[in-house]
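Working notes, beginning with the structure itself.
The values are calculated or read from the model by the stated rules, or taken from the named source; none is laboratory data. Please read these numbers as outputs of a predicted model, since none were measured by experiment. Methodologically, a virtual Cβ is constructed for each residue, glycine included, from the backbone with ideal geometry; neighbour enumeration extends over all protein chains shown. The area values use the complete protein model at the heavy-atom level, side chains included, leaving out ligands, DNA and RNA. Shrake-Rupley method; radii C 1.70, N 1.55, O 1.52, S 1.80 Å.
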Amino acid sequence: MRSSISMFFVAVAAGAFLTACGGGDGSGASAGAAPTQAGTQAGTQAGGGGQGKRPADGCPITVDMLGKTTSLDWKLQEKKDDYQLETLESVKATVCLWTAADAPQQGGDPLVLRADVVSGGGAATVRKEFTDNCSEYGGKLGDSEGDGGKICDRDGAVVEGLVGSGDSVVNVYLVNADKATAAKLTPSFGEILGATVVP
């Protein structure tokens, strides 16, 4: 890595927002605004994700599951508790970042998957943001098969989803996937959401 983990986290977070707003390659593979994305409609319909015990590292997804689902070698790069979301400053989340060095993206950076876990009053805000951003940036909101979650399809690629109900949600998204990677991982995204543990 070219920088410390903390610096990497900051760079990824900033890049996530830019890509989500269409500043990337057009794949929508980052929904950086996704960290807090959600939707009024999604809020009442999203309820899926695993309801089991969270992994020992406190994140909602296991590295083993990511590896089996995507056939990539993932590593938990960083975890932040009570992290103020970049696009929703009033909302704090537990944020987890995983990287897959064997799937280099633009500039040679590893592929990054991010999950924002939000509980309490911020959950409704995240739901609304998810739905609003998906529509605003040309995406199509849909149901994630089998887990009750919501996905955002942009140009035939799904790189962002939301699971949870009530006052607990998890927003999961690929931060910097190029078009080819986004297309390749689209079939796996529903499985990732389905295995995501909602608090």
message: For region 126-157, which positions are among the basic types (Lys, Arg) and within 14 Å of residue 170 (Cα to Cα)?
response: 127, 128, 150
- prompt: If you take the residues of region 183-194 that are surrounded by fewer than 20 Cβ atoms within 10 Å (Cβ to Cβ) and in contact with a helix residue (DSSP H, G or I) (Cβ under 7 Å, 6 or more places away or on another chain), which of them is nearest to residue 65 (Cα to Cα)?
  reply: 191
- line: Over region 110-120, the set of residues in contact (Cβ under 8 Å) with a residue 12 or more places away in the chain and out of contact with any Phe, Trp or Tyr (no Cβ under 9 Å at 6 or more places or on another chain) is 117, 118, 119, 120
- request: Output the number of the condition that residue 78 fails; it satisfies all remaining conditions of (1) at pLDDT 95 or above; (2) in a loop (DSSP other than H, G, I, E, B).
  value: (2)
message: Please return the ranges of strands (runs of 3 or more DSSP E) entirely within region 85-171 where 2 or more residues are surrounded by fewer than 18 Cβ atoms within 10 Å (Cβ to Cβ).
response: 140-143
task: Working only within region 172-182, note down all residues that are assigned to a helix (DSSP H, G or I), open to solvent by less than 40 Å² (accessible area, probe 1.4 Å) and touching a Ser or Thr at 6+ places or on another chain (Cβ under 6 Å).
output: 182
field: When residues of region 55-75 are limited to those that are of a type in the set (A, V, I, L, M) and outside any loop (DSSP other than H, G, I, E, B), the one least open to solvent (accessible area, probe 1.4 Å)
entry: 66
Boolean, residue 112 is of a type outside the set (Phe, Trp, Tyr), closer than 15 Å to residue 198 by Cβ and modelled with pLDDT of 95 or more: no
